[in-house]
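Notes for the one structure printed next.
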Amino acid sequence: MTVEENTEKKCSKCGKTYTLDNFQIRKDNGKHRNECNECRKKQNKKYRNDNKEKCNEKQREYYNKNKELVAERNKEYRENNQEKLKEHAKEYRQKNKDARAARHKAWIEKNKERHAEYYKNYYQKNKSEMLEKNKQYRKENKEKQREYNKAYWKENKEKLSEQKKQYYEENKDKLKEKHDEWETKNREHIKRYRKKYYNENKEKILDDNRNWREQNKERYEEYHKQYRENNKETIKEKMKVWMQTEQGKLASVRHKQKRRSLGFAPINNKFENSEFHHLHIDFEGNEDNAIGLFIPAELHKSIPHNHETWKGMDEINELAITWYQGVEANDND
């Protein structure tokens, strides 16, 4: 009985004995090779590593001559080995996670426009599916997503700020329209949220506002001055409504009591569209809470002031006295 008629064979490379299905059949004589499949694989792998350029060129040449045949063969193999290929791909991805990520990142850097176009088209075709998938992922990975966003923002703060600024400049009208529409639809929700947030963070909000006003005095005063100029009627109407509330009535009583305690010693006579302004200091520089001037109402409201904190008092007093001296000089002429 010849060796080929046996059901087993000894490998000439590793010396181990295997069944015949572990040996490839030669094309030239139809007999089994002397090297087992494992040794043959190692031998071929070593040859390919030692002759990469030659093997690649030969493979390219074969592919170009047999494109249809190769495609058909690959298709047939994939159809017959789907589970095996999936498992292999999964195993490969897990083993080469970092290397694949680095290659993918490098490819995107070299092909930014192509990648952006591909992603845009893919997103348009699968918008609903992607939105649902992303929503589900965020829901299941809240902490992970929050940490990732925080780290990404920290690493790309300037870049993201610039992108956000540029996008805003290019889409001002669109964003305003979208924001107004959202606010209109969610007014009650916004009120509840703001009220809740204010109650939970009252001290912090007041402190932040106070600090901001201290650091931005001129800007704050200029803004309010401009706002009052542009919204006189609106402010008047709001004040009317507010004065009818319990809080408004109480404030009015307090204000009148304060003014009564200051006294009333006008230097000049009242005239049309005038308001009385307490100077608290006479022209010799002596303290006198009762002394004051009737000055134009518009001038009186031009600078916010408070006699208790003395905020704005020096500025409004200077304006009032300068105005009065100008009027007196004209009368004398």
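The table below gives the values:
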{"quantity": "Projected area averaged over orientations for the chain, convex hull of C-alpha atoms, nm²", "calculated": "36.5 nm²"}
{"quantity": "P(r) tail fraction, region 263-332 - alpha-carbon pairs more than 13 Å apart, %", "calculated": "64 percent"}
{"quantity": "Loop-located chymotrypsin sites (Phe, Trp or Tyr not before Pro) in region 284-325 whose Cβ has at most 15 other Cβ within 10 Å (DSSP)", "calculated": "Trp310"}
{"quantity": "Proportion of all alpha-carbon pairs of region 50-163 beyond 26 Å (%)", "calculated": "52 percent"}
{"quantity": "Debye-sum result for region 198-333 in log10 I(q)/I(0), which assumes one identical scatterer on each alpha carbon, at q = 0.14, 0.17 Å⁻¹", "calculated": "-0.87, -1.21"}
{"quantity": "Angle between the chain longest axis and helix 127-140 axis [Cα atoms, degrees, rounded to 10]", "calculated": "80 degrees"}
{"quantity": "Hydrodynamic radius of region 1-84 per Kirkwood, over alpha carbon pairs, in Å", "calculated": "15.5 Å"}
{"quantity": "Gain on full stretching of the segment that runs from Ile205 to Thr7 - 0.36 nm per residue minus C-alpha separation", "calculated": "62.5 nm"}
{"quantity": "20 Å Cα-Cα reach of Lys45 towards aspartates and glutamates, excluding residues that sit fewer than 8 places from it in its own chain", "calculated": "Glu35, Glu53, Glu57, Glu61"}
{"quantity": "Over region 155-205: Kirkwood hydrodynamic radius from C-alpha pairwise inverse distances, Å", "calculated": "13.5 Å"}
{"quantity": "Nearest 10 degrees, 0 to 90: helix 172-185 Cα axis against the chain principal axis", "calculated": "80 degrees"}
{"quantity": "Leu131 versus Glu83: modelled label distance in nm, points set 7 Å from Cα along the beta carbon direction", "calculated": "3.9 nm"}
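Where a number appears in this text, it was derived from the coordinates with a stated rule and is not lab data. The shown structure was predicted, so the numbers you read here are calculated from the model rather than taken from an experiment. Glycine gets a Cβ as well: all are built from the backbone with ideal geometry, and neighbour counts include every protein chain shown.
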